[in-house]
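One structure is given below, encoded as structure tokens.
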Amino acid sequence: MNIIIFGPPGAGKGTQAKILVEKLNSFQVSTGDMLRDEIKKDTEIGKKILNNMDDGKFVDDEIVNKLLEKIIFDPKKNKLIFDGYPRTVNQAKNLESLLNKSNKKINYIFFLNVDKDSIIKRIEKRKILEKRSDDDASIILKRYDIYMRETKPILDFYSSHKGFHEIDGSHEIDEISSKIGVILNV
Ligand code: AMP
């Protein structure tokens with residue numbers, strides 16, 4: 001079973017993905033974590049993407065798609081929880097094509113819908129806990145605008161999928177995870 005957790009920055013995608021990884025014994029595909037790891041290890045990719053990430057901008061599709069390919073074609077990783085990918089309509093099309101080639105499919109899409117004010121409050125809290133440079137107040141608004149412009153249109157692509165569910169992401173973590181749990185029967 002493969003699942004996409006979709007939503008704006010700060011919607012709790014990573015948190016819900018981690019809960020599902022535990023419940024389903026699956027693998028979290030967080031492109032944000034993968035990219036941060038490249039920066040931490042100071043790889044060639046890390047050097048290229050540092051400025052974009054700090055500035056809240058997207059990393060080039062080419063780089064992200066390559067990181068993703070490695071995982072999709074890994075036969076040991078067969079239950080995937082996507083968190084932070086796809087982020088553009090092009091990435092959604094790329095995911096579709098990679099999944100087709102590897103005989104996999106998306107079974108569920110959970111759209112965690114959270115309003116802008118709640119997101120800003122949440123990300124300000126996260127900055128204190130996780131010290132992410134892109135959680136800075138000025139960058140949050142930019143990331144939200146990019147989400148509205150580049151990522152939200154993907155919903156047109158997914159909302160007719162039979163496994164699509166919109167969930168109110170402004171609730172508490174446990175409430176959201178139990179709603180998802182009821183749908184997945186876990
Ligand atoms: P996240 O941890 O998902 O909030 O992602 C943090 C940052 O990583 C984003 O603001 C982008 O700079 C970059 N990033 C993560 N996933 C993607 C993606 N699918 N496409 C482009 N950039 C991404």
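The values are calculated or read from the model by the stated rules, or taken from the named source; none is laboratory data. Keep in mind that what you see is a predicted model, and the values were worked out from it rather than measured. Neighbour counts are summed over all protein chains in view; Cβ atoms, including those assigned to glycine, are modelled from backbone coordinates with ideal geometry. In case anyone asks, the SASA skips ligands and DNA or RNA and just uses the protein heavy atoms, side chains included. Shrake-Rupley method; radii C 1.70, N 1.55, O 1.52, S 1.80 Å.
Structure values in brief
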item: Criterion: open to solvent by 60 Å² or more (accessible area, probe 1.4 Å), at positive phi and away from the ligand (no atom under 13 Å from the Cβ) - qualifying residue of Asn78, Asn25; result: Asn25
item: Selection count where residues are open to solvent by 60 Å² or more (accessible area, probe 1.4 Å) and either under 16 Å from Gly7 (Cβ atoms) or not acidic (Asp, Glu) (or both), scope segment 151-177; result: 12
item: Selected residue [farther than 16 Å from Thr15 by Cβ and among the hydrophobic types (A, V, I, L, M, F, W, C)] from Ile167, Ile180, Ile146, Ile176; result: Ile146
item: Whichever residue in segment 126-161 is within 18 Å of Gly32 (Cβ to Cβ) and acidic (Asp, Glu) and, among such residues, is nearest to the chain's Cα centre (by Cα); result: Glu150
item: Hits in segment 81-108 (condition: within 14 Å of the ligand (Cβ to nearest atom) and open to solvent by 20 Å² or more (accessible area, probe 1.4 Å)); result: Arg87, Val89, Asn90, Lys93, Asn94
item: From Val59, Val64, residue being part of a helix (DSSP H, G or I), surrounded by 15 or more Cβ atoms within 10 Å (Cβ to Cβ), touching a residue at least 24 places away in the same chain (Cβ under 8 Å) and within 8 Å of the ligand (Cβ to nearest atom); result: Val64
item: Segment 112-125, residues that are part of a helix (DSSP H, G or I), under 21 Å from Arg36 (Cβ atoms) and more than 10 Å from the ligand (Cβ to nearest atom); result: Ile119, Arg122, Glu124, Lys125
item: Single condition Asp115 does not satisfy, out of (1) open to solvent by 50 Å² or more (accessible area, probe 1.4 Å); (2) over 27 Å from Asn25 (Cβ atoms); (3) under 16 Å from the mean Cα position of the chain (by Cα); result: (3)
item: Qualifying residue in segment 137-147 (condition: among the charged types (D, E, K, R), part of a loop (DSSP other than H, G, I, E, B) and either loosely packed, with under 12 Cβ neighbours inside 10 Å or within 16 Å of the ligand (Cβ to nearest atom) (or both)); result: no
item: Residue within segment 35-56 that is surrounded by 19 or more Cβ atoms within 10 Å (Cβ to Cβ), within 12 Å of the ligand (Cβ to nearest atom) and under 30 Å from Leu184 (Cβ atoms) present; result: yes
item: Members of segment 13-56 that are under 18 Å from Val182 (Cα atoms) and either outside any helix (DSSP H, G or I) or charged (D, E, K, R) (or both); result: Lys13, Lys18, Glu22, Lys23, Asn25, Ser26
